[in-house]
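The values are calculated or read from the model by the stated rules, or taken from the named source; none is laboratory data. Because the structure is predicted, anything quoted here is derived from the model rather than measured. Here the Cβ is made from the backbone with ideal geometry for all residues, glycine too, and neighbour counts use every protein chain on show.
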């Protein structure tokens, strides 16, 4: 059961943009993988079988989560102490 290449492309674009959101302030493009800034027609065939985040992309997602968790913890502490 295969999908149209355009269907896959839309999925990868959505994944790419979600990773930007997850990375937070440190978001950036990579030279390879889903987080490339520009994709070519040849990339569509590669992505069908090998769409991955690079280790650097994954680390930026982790840092983005850590940043948001720290901000949330600070807000909760402010509320608990009555400063907010």
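List pairs: first residue in the stretch 22-35 and under 20 Å from residue 70 (Cβ atoms), second residue part of a loop (DSSP other than H, G, I, E, B) anywhere in the structure, Cβ distance under 7 angstrom, at least six positions apart or on different chains.
From the stretch 22-35, no pairs qualify.
All but one of (1) loosely packed, with under 10 Cβ neighbours inside 10 Å; (2) modelled with pLDDT under 75 hold for residue 5; state the number of the condition that does not hold.
(1)
To keep it simple, each residue is scored yes or no on (1) in a loop (DSSP other than H, G, I, E, B); (2) exposed (fewer than 11 other Cβ atoms within 10 Å of the Cβ); (3) at positive phi.
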position	(1), (2), (3)
32	yes, no, no
39	yes, no, no
53	yes, no, no
59	no, no, no
64	no, no, no
70	no, yes, no
73	no, yes, no
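Condition check: modelled with pLDDT under 85, surrounded by 10 or more Cβ atoms within 10 Å (Cβ to Cβ) and assigned to a helix (DSSP H, G or I). Does residue 48 satisfy that?
yes
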